[in-house]
1. Sort out which residues of the range 105-130 are surrounded by 15 or more Cβ atoms within 10 Å (Cβ to Cβ) and without any contact (Cβ under 8 Å) to a residue 12 or more places away in the chain, and write them in order of number.
2. Quick one: in the range 153-162, of everything that is touching a helix residue (DSSP H, G or I) at 6+ places or on another chain (Cβ under 7 Å) and assigned to a helix (DSSP H, G or I), which residue is nearest to residue 28 (Cα to Cα)?
3. Filtering the range 168-203 down to residues that are in contact with a helix residue (DSSP H, G or I) (Cβ under 7 Å, 6 or more places away or on another chain) and outside any helix (DSSP H, G or I), which residue is modelled with the lowest pLDDT?
4. Suppose we filter 172, 144, 134 for residues that are surrounded by 14 or more Cβ atoms within 10 Å (Cβ to Cβ), within 13 Å of the chain's Cα centre (by Cα) and either without any contact (Cβ under 8 Å) to a residue 12 or more places away in the chain or assigned by TED's automatic domain parsing to the domain that holds residue 22 (or both); which single one remains?
5. Would you say residue 165 is over 21 Å from residue 108 (Cβ atoms), at pLDDT 90 or above and either outside the structural domain of residue 27 (by TED's automatic domain parsing) or not in a helix (DSSP H, G or I) (or both)?
6. Please indicate, with yes or no, whether at least one residue in the range 134-150 is over 30 Å from residue 33 (Cα atoms) and not in a helix (DSSP H, G or I).
7. Could you tell me how many of the residues in the range 67-79 are under 21 Å from residue 28 (Cα atoms) and at pLDDT below 90?
8. Is it fair to say residue 206 is in a helix (DSSP H, G or I), modelled with pLDDT of 70 or more and either more than 21 Å from residue 80 (Cβ to Cβ) or over 18 Å from the mean Cα position of the chain (by Cα) (or both)?
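The values are calculated or read from the model by the stated rules, or taken from the named source; none is laboratory data. No experiment lies behind these values; they were computed from the predicted model shown. In this analysis, Cβ positions are derived from the backbone assuming ideal geometry, glycine residues included, and neighbour counts consider all displayed protein chains.
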């Protein structure tokens, strides 16, 4: 080894934590691990043939995603994101994505739209709740197409940092509104119709409403966001 090069620790352990995280997350998203059920470190470690430390790190990551909650001396339990946190997440995602759509609207080509059409078709093949993990991956890919058109790497990075929490948002929507796959497909189809309108303001408003369905308590904030995004977009041109 070249003496000028630093000694680097192999990332195998980090990958192992990531694998345990995905295994637990899929169980929660698919409904195998029900709300209120306790996730026992010892049992998980034995089943996956990993250390308790690895399981503990994965559970901490799940807690940051809003899928579990840890209670002092009580254990870790499957939970659901609160309505307030869901709104906060929705507004944050809407803010970043609607700005990306506004500044990158001219780069949303027919090729991009065709790819998004194909992703909506894939959504329709998912069976809920068992295939919710698959649906989430497709959903993220669908929205990423829009954000990438902004050609702003830092914006894409910020937007992507919220990916891990989208699962908790989806679960709440499915359980609270009894959302089925037909509704999910239609919901994304409506957004694509707005994108195809040729009017960036229509597309921007559709993105905002996609994440936060407007009612009396959310309309004022959504209107303020819309005006702020338009101002920023104009200033950046």
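1. Listed by number, the list is empty, since nothing qualifies.
2. Ranking the candidates gives 159 first.
3. Step by step, filter the range 168-203, then rank; the result is 179.
4. Working: 172 fails: either without any contact (Cβ under 8 Å) to a residue 12 or more places away in the chain or assigned by TED's automatic domain parsing to the domain that holds residue 22 (or both); 144 fails: either without any contact (Cβ under 8 Å) to a residue 12 or more places away in the chain or assigned by TED's automatic domain parsing to the domain that holds residue 22 (or both).
Unique residue meeting the criteria: 134.
5. In short, yes.
6. Checked the range 134-150: at least one residue is over 30 Å from residue 33 (Cα atoms) and not in a helix (DSSP H, G or I).
7. Qualifying residue count for the region: 1.
8. Spelling it out, residue 206 is indeed in a helix (DSSP H, G or I), modelled with pLDDT of 70 or more and either more than 21 Å from residue 80 (Cβ to Cβ) or over 18 Å from the mean Cα position of the chain (by Cα) (or both).
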